[in-house]
Structure formats: structure tokens, C-alpha cells
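Quick one: structure below, then a few questions.
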Amino acid sequence: MKQQTKWALTGAAAGTVCGFFGGGGGMLAVPLLQKSGLSSRETFATSLGVILPLTVASLVVALFRQAFDWQAAWPYLVGGAIGGLLGGKFFKNIPTLWLHRGFGILLLWGGIKAVLGL
């Protein structure tokens with residue numbers, strides 16, 4: 001299969017997950033991008049670039065089809081922006097092994113919360 005086709009399928013899968021769950025496309029994009037031959041650092045960075053337009057698309061759909069509470073979202077937007085800036089600043093200093101472990105722990109934590117309904 002051509003590399004472009006693999007990337008398109010990865011994007012479609014990540015977009016579907018984002019659309020269904022309002023986020024989480026990176027959980028699919030990171031492992032699939034790793035198989036495309038990118039280094040670990042390139043994988044994580046590329047995933048961020050892929051997820052941004054997918055998230056914007058999901059937001060647009062939510063704004064037109066569902067109630068959206070900007071007032072409730074505002075603190076998360078500010079905190080998320082600050083966290084994103086800090087994470088981006090320190091990203092290059094974190095060993096790849098720890099990035100993988102952190103990602104795995106977040107996946108497990110999210111899965112456990114979802115299954116247990118916490």
C-alpha cells in the first residue's frame with residue numbers, strides 16, 4: 001500500500017474517533033504513524049499537526065448540531081493552551097521512552113475511567 005494511502009487511512013480513522021468521542025484521535029494516530037517509518041519524535045509532533053484540523057472539524061459540527069457552553073469550556077481552553085505551550089517547550093528534553101510510557105499510562109487511565117464509568 002502506498003505511503004499516502006496509509007496516511008489518508010490513518011487520518012480518516014483518527015477523524016472518525018474524534019467525531020465519535022469529541023477527541024482522542026491521537027490515541028489512534030500515534031501508533032499508526034509509528035508504523036509509517038517516522039521516528040518517535042516525528043510521530044508525536046506529526047500527530048499534533050494531524051489532530052488540530054480534526055478537532056476543529058469536530059468542533060464545527062458540535063457548534064451546529066449540539067449545545068456548546070463556551071463559559072464552561074473557557075477554563076479548559078486557557079489551561080489547555082498553557083499546558084500545550086509548556087509541553088511543546090519541554091518536549092525535546094523528555095526521553096522518547098518516557099513519552100511512550102506517559103502515553104501508555106494516559107491510555108490505560110482513560111480506558112479504566114471509561115469502563116468503570118468514573
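Report yes if Thr43 is within 17 Å of Ala14 (Cα to Cα), touching a residue at least 12 places away in the same chain (Cβ under 8 Å) and within 18 Å of the chain's Cα centre (by Cα), otherwise no. Reasoning before the result, please.
Working: within 17 Å of Ala14 (Cα to Cα): yes; touching a residue at least 12 places away in the same chain (Cβ under 8 Å): yes; within 18 Å of the chain's Cα centre (by Cα): yes.
Yes.
Being without any contact (Cβ under 8 Å) to a residue 60 or more places away in the chain and either in contact with a Lys or Arg (Cβ under 9 Å, 6 or more places away or on another chain) or of a type in the set (Phe, Trp, Tyr) (or both), is that true of even one residue in the stretch 50-60? Even if it seems obvious, please write down each step before you answer.
Within the stretch 50-60, the first condition is being without any contact (Cβ under 8 Å) to a residue 60 or more places away in the chain, and the residues that meet it are 50-60.
Now narrow it down to the ones that are either in contact with a Lys or Arg (Cβ under 9 Å, 6 or more places away or on another chain) or of a type in the set (Phe, Trp, Tyr) (or both): none.
Among the residues of the stretch 50-60, not one is without any contact (Cβ under 8 Å) to a residue 60 or more places away in the chain and either in contact with a Lys or Arg (Cβ under 9 Å, 6 or more places away or on another chain) or of a type in the set (Phe, Trp, Tyr) (or both), which makes the answer no.
For the stretch 88-112, which positions are of a type in the set (D, E, K, R) and at pLDDT below 85? Break it down stepwise before answering.
Of the stretch 88-112, the ones of a type in the set (D, E, K, R) are 89, 92, 101.
The answer is Lys89, Lys92.
Any residue in the stretch 94-113 that's outside any helix (DSSP H, G or I): show its pairings with residues that are at pLDDT below 85 at Cβ separation under 7 Å, as long as the two are six or more apart or on different chains.
Listed pairs, sorted by first residue: none to list.
Quick one: count up the residues across the stretch 69-118 that are aromatic (Phe, Trp, Tyr), more than 17 Å from the chain's Cα centre (by Cα) and within 20 Å of Leu59 (Cβ to Cβ).
From the stretch 69-118, those aromatic (Phe, Trp, Tyr) are 70, 74, 76, 90-91, 98, 103, 109; that's our starting set.
Among the residues that remain, those that are also more than 17 Å from the chain's Cα centre (by Cα) are: 70, 74, 90, 98.
Filter once more, so that each one left must be within 20 Å of Leu59 (Cβ to Cβ): 70, 74.
Qualifying residue count for the region: 2.
The values are calculated or read from the model by the stated rules, or taken from the named source; none is laboratory data. Bear in mind the structure is a predicted one, so any value in this text is a computation, not a measurement. Don't worry about glycine lacking a Cβ; one is built from the backbone with ideal geometry, like all the others, and counts go over all protein chains shown.
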